[in-house]
Amino acid sequence: MKDVVSGCPIEDAMRVLSGRWPTLLLYYLQEGTKRFSDLRRDNPTLSHRMLALELRKLEAAGIVRRTAHPGYPLRVDYDLTESGRQLVPLIDALGDWWVQTAERRSPAAQAA
């Protein structure tokens, strides 16, 4: 990851959560433990490589827990840590904010 420029904690949080996939992965993991293949099904346009990279990034940040079960084939489960569960209300609030903003924008766009 890149070096911190400002020393602001928001910069660190955005480095982990920015991009197209991290918040979507957290959204799907809030339902409970999922296997890698389940997350691929939830996000069909997400490549195998990108999913693996994003999950590693979230795991390194302490947001997602990876559990590998012995045996063949190898079974790997992902779930949210306590820190990850604390993010869920924030992500829900962001989604609610966007829906409200879009609703307010919609009549103005139709009038123009």
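Rounded to the nearest percent, how much of the accessible area of the chain (1.4 Å probe, protein heavy atoms only) is carbon and sulfur?
Numbers: 4430 of 7730 Å².
Percent of accessible area from carbon and sulfur atoms in the chain: 57.
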GNM flexibility winner over the chain from L94, L26, L80 (Cα, springs under 10 Å): L94
Interchain or long-range residues, amide H under 5 Å from L46's placed H: none
Cα-projected label distance for L94 with V16, points at 7 Å along beta-carbon direction, nm: 1.2
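What percent does the relative contact order of the chain come to when contacts are Cα pairs within less than 8 Å and at least six residues apart? Let's see the in-between values first.
Values: 83 pairs, mean separation 27.4, N = 112.
That works out to 25 percent.
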Rough spin-label spacing in nm, given labels placed 7 Å along Cα→Cβ, for H48 and R105: 3.7
GNM result for the chain, Cα springs below 10 Å: residue of G62, G84, G32 fluctuating most strongly: G32
The range 15-112: GluC sites (Glu not before Pro) falling in loop per DSSP and having at most 14 other Cβ within 10 Å: E31
Charge-dipole axis of the chain as Lys and Arg at +1 and Asp and Glu at -1 on Cβ define it, positive-most pick from L53, L74, S18: L74
Label point at T33 placed 7 Å out along Cα→Cβ; residues across the range 48-84 whose backbone nitrogen lies under 11 Å: 66-69, 76-80
Extension gain (nm, one decimal) between R66 and E82, 0.36 nm per residue minus Cα-Cα: 4.4 nm
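The values are calculated or read from the model by the stated rules, or taken from the named source; none is laboratory data. Just so you know, these numbers come straight off a predicted model, no measurement behind them. Positions of Cβ are generated from backbone atoms using ideal geometry, with glycine treated the same way; all protein chains shown enter the neighbour counts. Only protein heavy atoms, including side chains, enter the accessible area calculation; ligands, DNA and RNA are left aside. Shrake-Rupley method; radii C 1.70, N 1.55, O 1.52, S 1.80 Å.
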